[in-house]
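Only one structure is covered here, and it is reproduced in the block below.
The values are calculated or read from the model by the stated rules, or taken from the named source; none is laboratory data. Please read these numbers as outputs of a predicted model, since none were measured by experiment. Cβ atoms come from the backbone with ideal geometry, glycine included; neighbour counts cover every protein chain shown. In case anyone asks, the SASA skips ligands and DNA or RNA and just uses the protein heavy atoms, side chains included. Shrake-Rupley method; radii C 1.70, N 1.55, O 1.52, S 1.80 Å.
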Amino acid sequence: MKRVLLLLALACICAAQAKGLAPRPPPTLAGLPRSEVQVLTARGPHLFKVWIADNDPSRQQGLMFIKDLPADQGMLFLFDRPGFMAFWMKNTYLSLDLVFIARDGIVVNVAQNATPLSEQLIESAAPVTGVLELVAGTAARIGLSAGDRISHPAFAVQKPQ
């Protein structure tokens, strides 16, 4: 009986340990809202799970200090007003593709394979209200280019009244 109880206790401890090993967002991303973004290219739709950076602190932090990111995840930066945006890779260990998005969800330009830790500016070619950061190579893999569409509630086209 003692042996059965010991095995049962050991099984409970192992299960608790395994639960603790489940993938968790890095501490810098843990408090950010999550959403899904659909990228519509000539090759079809592609779904990504993203963290939303929609205020100054979250936009300043971005993906800094993140060392690993699954291919189906990224970060969506949202801005209140359209403007020319410039990003850098300071303290960013991952190479990223940056997708600059107009208010209507149309991709303005894509900067592929940004150099990790670089302070060189990466700029939008026109005013944008969003920037989607994905793991480097994603744009090439899915055929993402200027003129493609990003589907997300932030880019809903509003009809004039």
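What to note about this one:
- Summed residue charge, Cβ within 12 Å of G105's Cβ, Lys/Arg positive, Asp/Glu negative: 0
- Sparse packing (at most 11 other Cβ atoms within 10 Å of the Cβ) combined with a DSSP loop state is found for the following GluC sites (Glu not before Pro) in region 28-137: E119.
- Length released on extending from L121 to K67, taking residue separation times 0.36 nm less the Cα-Cα span: 17.4 nm
- Compared with the alpha-carbon gap, the fully stretched path from N91 to N113 is longer by 6.4 nm at 0.36 nm per residue.
- Within the accessible area of region 53-114 (1.4 Å probe), percent carbon and sulfur: 48
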